[in-house]
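The structure appears below as structure tokens.
The values are calculated or read from the model by the stated rules, or taken from the named source; none is laboratory data. Just so we're clear, the structure is a prediction, and the values are computed from it rather than from any experiment. Cβ atoms come from the backbone with ideal geometry, glycine included; neighbour counts cover every protein chain shown. In case anyone asks, the SASA skips ligands and DNA or RNA and just uses the protein heavy atoms, side chains included. Shrake-Rupley method; radii C 1.70, N 1.55, O 1.52, S 1.80 Å.
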Amino acid sequence: MTGPPASTLDRSTRAKPPSPLRGPAFLRLWTGTTASGLATWAMPFILGFAVVEDSLTPAALGLVLATRTAGFLAAVTVGGVLADRYSRRSVVLWSGLLAAVASPVLAAGVGRSLALMAVAGAAIGAGQGACRPAFQALTAEVVPPDHRQAANAATTLAVRVTTLAGPGLTALLAAFLDVTALLVGTGLLWLVAALLPPAGRYRGQVLDASGPAAERAGFRAEFGEGVREARRHPWFLGGLGALAAVIATGYSATGVILPAISRDRYDTESVLVAATTAYTVGALLGAVLIARHRPRSPGWAALAGLAAYGLAPLSLWLPVPAVLVVAAYAAAGVGIELFNVPWFTAVQREVEPRLLARVSSLDFLVSYGLAPIGLALIAPAADAFGPGPVLAVCTLACFLAPAAAALPPGARHFRTTRTTAETPART
């Protein structure tokens, strides 16, 4: 009796190649990205302890957080240009080191110098802003295309776990360490984010040494090139507009109106706590689902997930039982990750590699940049017109903006149709 052909036996016994997500390069990148996310989240939470201890006033906390936001917005575009001009690993290194050095400076200013804290907060925000587009571009270098959705899901999963477990862990550490030590600890996290990520394949735009220095375009021209690249992807412009609208309305309603609704309608703070916790748990579930699921129309599915955020302001608008508010926030959490992961994956796949960091910086600039405006306008609008009309507008914006974003060419699959001559070379 003869056995199976040798070729068949070889195929059946051949070891399956290990997943790139288990390799040292991605694990280092994942750890560095997670460390930066943990440090970003922890800083305002730790400063909240300083307010509780009366070593910092609420107004001073607001000023420091405002300077951090200003530093982020100022640096995110610069970081995108630098990450495309030079090695993405170098941008991560220097931006992480900036935030690492500024963190103990911030700690030194608590209770002593508000000006010092404001400057340190701006520096930390600049480090955070500069590294974000570089991290996005570095993921595209380290992870093969077929594994990027799972890689992005793994990264966002780590961030959500951190957000869920962080308050309890920080409160536990606060029993043994003071605010100064905890802020220095965030500097150590930034140090991990700076030093641990691996080098990618991209080495920047190398010019001919014999050419004139003027051959390199200026900052404005280079960022403008990234804007033009973004405009070549109609689905990107539509999705970015929808994301900005949802953040400026639905997210702002969460931050400003939810606490008042919890207090006035339900007469308890537990609804606020339960809803925000449910949102994070929902986001965890969404990250797990999208890591394994590949919808047939990923763009439309992602935009439907983004529209689910409208359930949050809708639940605050309608006089529903508290359990439905919590359920709405859980659904919004699931939906936001069903959007985020395919969105980041599509940008990494479709955008020309040498322009990827600049387009990513535009993504962060628009989405994060409009959030403070929404937060600043929601409360005065609610005072002037009442929370009901404001929540109605927020609900409609969250539902209609993603629906409109589903209409541009390429939105169904988050893909750009190009001719052969337009197809960019992949690094």
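Computed over the chain, the per-residue total of -39500 (n - 2.57) for DSSP H runs of n ≥ 4 gives a 222 nm mean residue ellipticity of -25500 deg cm²/dmol, rounded to 500.
Projecting label points 7 angstrom from Cα along Cα→Cβ for Ala404 and Ser90 puts them 4.1 nm apart. Considering only Ser36, Ser262, Ser55, the Gaussian network model of the chain with Cα springs below 10 Å gives its largest mean-square fluctuation to Ser55.
Between the residues Phe72, Tyr368, Ser19, the greatest Cα displacement towards the positive end of the dipole of the chain, with unit charges on the Cβ of Lys, Arg, Asp and Glu, is found for Ser19. Springs join every pair of Cα atoms under 10 Å in this Gaussian network model of the chain, and among Pro409, Pro372, Pro319 the largest mean-square fluctuation is at Pro319.
Membrane-span-like helices of the chain, defined as complete DSSP H segments with a Cα extent of 15 Å or more along the helix axis and a mean Kyte hydropathy of at least 1.6, are identified as 179-195, 270-292, 387-405. In the full protein context, segment 243-292 carries 45 Å² of accessible surface per residue, based on a 1.4 Å probe and ignoring ligands, DNA and RNA.
Label separation (Leu173 vs Leu116): 2.1 nm, computed from points 7 Å beyond Cα along the C-beta direction. Electrostatic bookkeeping for Phe135 treats Lys and Arg as +1 and Asp and Glu as -1; over the other residues with beta carbon under 15 Å from its beta carbon, the sum is +3. Entry note, the chain: relative contact order of 22 percent, from Cα contacts under 8 Å with a spacing of 6+ residues. Accessible area of Tyr368 (1.4 Å probe, protein heavy atoms only, ligands and nucleic acids ignored): about 90 Å².
Most fluctuating residue of Ala199, Ala287, Ala99 in a GNM of the chain with Cα springs under 10 Å: which is it? Among Ala199, Ala287, Ala99, the largest GNM mean-square fluctuation belongs to Ala199. With the highest mean first, a sort of the peptides 140-148, 152-160 on other beta-carbon atoms found within 10 angstrom per residue produces 152-160, 140-148. Quick check on segment 65-119: take the gyration tensor over C-alpha atoms, sort the square-rooted eigenvalues as a ≥ b ≥ c, and tell me if it's rounded (a/c under 1.5), prolate or oblate. Verdict is oblate for segment 65-119. Placing unit charges on each Cβ (+1 for Lys and Arg, -1 for Asp and Glu) gives the chain a dipole about its Cα centre, and among Gly224, Ala275, Gly200 the Cα reaching farthest toward its positive end belongs to Gly200. What does the charge add up to near Gln149, with Lys and Arg as +1, Asp and Glu as -1, over the other residues with Cβ less than 10 Å from its Cβ? Once positives and negatives cancel, what remains is +3.
Would you work out if segment 325-427 is rounded, prolate or oblate? Take a ≥ b ≥ c from the square roots of the eigenvalues of the alpha-carbon gyration tensor; rounded if a/c is under 1.5, else prolate when a/b is larger than b/c, oblate otherwise. Since a/c reaches 1.5 and a/b is larger than b/c, the shape of segment 325-427 is classed as prolate.
Where the accessible area of segment 277-427 is counted over protein heavy atoms with a 1.4 Å probe, how much of it, in %, is carbon and sulfur? Accessible surface attributable to carbon and sulfur in segment 277-427 totals 72 percent.
Taking a ≥ b ≥ c as the square roots of the eigenvalues of the Cα gyration tensor, segment 27-128 is prolate, since a/c reaches 1.5 or more and a/b is larger than b/c.
Protein heavy-atom accessible surface, 1.4 Å probe, per residue over segment 90-197: 38 Å².
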